[in-house]
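Okay, structure first, notes after.
The values are calculated or read from the model by the stated rules, or taken from the named source; none is laboratory data. Note that the structure is a prediction, hence the values are computed from the model and not measured. As a convention, Cβ positions derive from the backbone with ideal geometry for all residues, glycine included, and neighbour counts pool all protein chains shown.
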Amino acid sequence: MKKLLLRVLTGTMMLAFMLDCYGGDVYAATITKTLDKDTKIMPPGVISSDDPPTFRKGTTVTLNEYGEVIEGTLAYDVILNCVPREYDENGRHYYNPYAGWFNKGTKVIFDNRGKVIKGTTVYSLTLGSLCVPLNSNSWLGIKKGTEVTFHQNGMLASGTIGENTYFRFIGWQKLLENSVAGFIEFKAGTEVKLNDKGELTKGTLNKDVKLLSPDGTIKLYEAGTTVEFDENGVVVKAEKPAS
């Protein structure tokens with residue numbers, strides 16, 4: 001009986017190990033290689049492609065155990081897919097099928113589905129700047145030629161916004177009286193950081209705003225100040241614009 005239980009336990013552990021290796025987002029093994037010429041290398045998860053991305057001669061690429069590229073420096077501008085946003089609303093599923101163009105000379109990082117989680121944008125197929133969906137009715141324009149990163153669930157993690165944009169910041173529910181439904185405006189041409197729910201954790205104010213300060217009081221923060229929030233909506237860091 002003990003031998004049987006041991007066999008069952010061992011088999012269960014092996015199955016869990018295999019599922020973790022092949023179903024998770026962590027690569028089992030990676031290798032690095034310096035390219036002696038511009039080289040086309042396929043990202044993970046691709047079934048077919050008429051033109052794999054080309055990586056630059058003299059740069060180092062990181063490959064998974066199957067020789068698929070995880071990280072590398074692009075030799076040319078190229079269209080690449082980003083991590084998709086998928087959600088269910090009114091019985092429908094929505095997908096963001098592309099991220100647009102990425103700059104030659106930039107380093108891109110892929111997840112194990114071949115989706116870009118970090119890279120430098122050129123422009124999108126539709127609006128002239130990388131247009132990132134945040135949910136079913138919110139799209140965000142990322143400034144051309146700037147770096148963009150994504151959370152594993154497809155939500156934008158960081159990027160430089162192309163125009164003045166309203167966001168809800170993390171902990172916004174505590175300051176409804178000082179904002180419009182929790183939204184405040186952030187300045188075009190500056191970097192924003194969001195959590196995986198789409199709540200802003202760092203950004204540069206476009207207008208003077210009253211926010212919760214570390215001492216527990218409501219304080220006026222000037223336009224142009226870069227603020228960082230903790231999970232309770234408290235401004236834990238504020239950098240004023242140079243005078």
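The table below gives the values:
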| item | result |
| --- | --- |
| Residues located in segment 217-243, provided they are touching a strand residue (DSSP E or B) at 6+ places or on another chain (Cβ under 8 Å), among the small types (Gly, Ala, Ser) and more than 14 Å from Phe169 (Cα to Cα) | Ala223, Gly224, Ala238 |
| Strands (runs of 3 or more DSSP E) enclosed by segment 21-140 - at least 2 residues per element that are under 19 Å from Gly159 (Cβ atoms) and at pLDDT 90 or above | 107-110 |
| Output for segment 207-243, where each listed residue is in contact with a Lys or Arg (Cβ under 6 Å, 6 or more places away or on another chain), among the aliphatic types (A, V, I, L, M) and in a strand (DSSP E or B) | Ile218, Leu220 |
| Some residue of segment 154-161 being not in a strand (DSSP E or B) and not assigned by TED's automatic domain parsing to the domain that holds Asn81 | no |
| Search result, residues across segment 45-70 that are surrounded by fewer than 17 Cβ atoms within 10 Å (Cβ to Cβ) and not polar (S, T, N, Q) | Gly45, Val46, Ile47, Asp50, Asp51, Pro52, Lys57, Gly58, Glu65, Tyr66, Gly67 |
| Single condition Lys240 does not satisfy, out of (1) loosely packed, with under 15 Cβ neighbours inside 10 Å; (2) more than 25 Å from Ile142 (Cα to Cα) | (2) |
| Positions within segment 207-237 being crowded, with 17+ Cβ neighbours inside 10 Å, free of Cβ contacts under 8 Å to residues at least 60 places away in the same chain and either hydrophobic (A, V, I, L, M, F, W, C) or not assigned by TED's automatic domain parsing to the domain that holds Ile184 (or both), in sequence order | Val209, Leu211, Leu212, Val227, Val235 |
| Residue within segment 186-206 that is buried (at least 19 other Cβ atoms within 10 Å of the Cβ), outside any strand (DSSP E or B), within 20 Å of the chain's Cα centre (by Cα) and touching a residue at least 60 places away in the same chain (Cβ under 8 Å) present | no |
